[in-house]
Amino acid sequence: MKKILRRHAIQLFAATFVLSALSSPAQADTPESDAQLALEWQTAWDTYRFYDSTPPPHPGSGQSRAESSISITINAPIEAVFAKYSNINNHVGMHSFLKRVVTHKDWSKGRTRSVNFTAIEEIPYEGATVVNKTHAQQRINRDKFFYETDTWSLPNVVTHQKIVFEKRSGGKTEVTEHLTFDADTSLIDFVVANGVSSHEVTQAALKQAIESGEL
């Protein structure tokens with residue numbers, strides 16, 4: 001039964017990708033301008049309320065929630081790790097899919113910095129390049145060494161992330177990502193598996209880049 005559900009999940013994602021591919025150019029990036037992406041971001045924010053992490057989806061709604069946490073230790077001081085890791089632009093190229101970040105708004109209130117952005121991903125699918133857009137808001141708490149990011153992308157997948165940085169002995173820093181996924185019930189296992197895998201790849205790449213001095 002699980003294999004059947006997983007196959008259906010893959011088919012639904014594939015259908016979404018194909019629709020995106022049909023409306024997007026085969027080359028990199030999106031046909032929309034940055035201003036149009038900003039309008040899409042605002043529509044997603046208003047329509048799907050992806051910033052609202054509570055309450056969980058109602059029973060019978062067809063949506064489910066799942067949580068996961070992943071950690072990595074980076075051999076560098078917390079101040080440096082936090083500054084480099086929390087800069088979303090530094091994530092570009094750390095995962096093969098993420099190609100560009102379009103910042104729509106960047107402001108500070110007190111010691112919290114907020115950034116509204118759209119992440120552009122290029123996903124290979126059956127010989128085509130599928131352009132996926134993930135709309136997000138990041139909130140960076142500079143004093144307490146953590147940041148939160150809420151995202152929305154097709155097919156109506158919402159994530160809530162809290163990334164915490166803690167000092168460890170020897171001048172090292174432990175980074176723990178607490179991930180919450182909301183998705184169609186038939187897709188939730190697929191979304192979690194692929195979401196966690198993507199974050200693990202990015203974590204490892206950021207660790208290497210920070211420790212080597214590339215960042």
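For beta carbons closer than 6 Å, sequence separation of 6+ or different chains, a first residue in region 147-162 that is among the basic types (Lys, Arg) and a second that is not in a loop (DSSP other than H, G, I, E, B), the qualifying pairs are Lys162/Glu148; Lys162/His178. Can Thr73 be described as loosely packed, with under 12 Cβ neighbours inside 10 Å and of a type outside the set (D, E, K, R)? When the stated conditions are applied, Thr73 does not pass them.
I'd like the residue in region 59-70 that is in contact (Cβ under 8 Å) with a residue 40 or more places away in the chain and either exposed (fewer than 14 other Cβ atoms within 10 Å of the Cβ) or not small (Gly, Ala, Ser) (or both) and, out of all such residues, is nearest to Arg168 (Cα to Cα).
Ile70
Scanning region 144-162 for residues that are outside any strand (DSSP E or B) and of a type in the set (Lys, Arg) turns up just one, Lys144.
Residue-by-condition table, conditions (1) modelled with pLDDT under 80; (2) in a strand (DSSP E or B); (3) under 21 Å from Phe165 (Cβ atoms):
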| site | (1), (2), (3) |
| --- | --- |
| Ile10 | yes, no, no |
| Ala38 | no, no, no |
| Ser71 | no, yes, yes |
| Lys105 | no, yes, no |
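With the structure loaded, tell me whether Asn116 is in contact with a Lys or Arg (Cβ under 9 Å, 6 or more places away or on another chain), of a type in the set (S, T, N, Q) and assigned to a helix (DSSP H, G or I) or whether it fails that test. Criteria not met by Asn116. For the subset of region 141-161 comprising residues that are over 15 Å from the mean Cα position of the chain (by Cα) and not polar (S, T, N, Q), which member is surrounded by the fewest Cβ atoms within 10 Å (Cβ to Cβ)? Only one residue fits best here, namely Asp143.
Looking only at region 102-121, count every residue that is among the small types (Gly, Ala, Ser) and closer than 19 Å to Leu37 by Cα and tell me the total.
Result for region 102-121: 2.
Within region 163-200, restricting attention to residues that are of a type in the set (S, T, N, Q) and part of a strand (DSSP E or B), the residue that is surrounded by the fewest Cβ atoms within 10 Å (Cβ to Cβ) is Thr176. Inspection of region 122-133 finds a residue satisfying the criterion of being modelled with pLDDT under 95, open to solvent by 50 Å² or more (accessible area, probe 1.4 Å) and more than 26 Å from Ser33 (Cβ to Cβ).
The values are calculated or read from the model by the stated rules, or taken from the named source; none is laboratory data. Just so we're clear, the structure is a prediction, and the values are computed from it rather than from any experiment. Positions of Cβ are generated from backbone atoms using ideal geometry, with glycine treated the same way; all protein chains shown enter the neighbour counts. When the accessible area is computed, the model is the full protein with side chains, heavy atoms only, and any ligands, DNA or RNA have been set aside. Shrake-Rupley method; radii C 1.70, N 1.55, O 1.52, S 1.80 Å.
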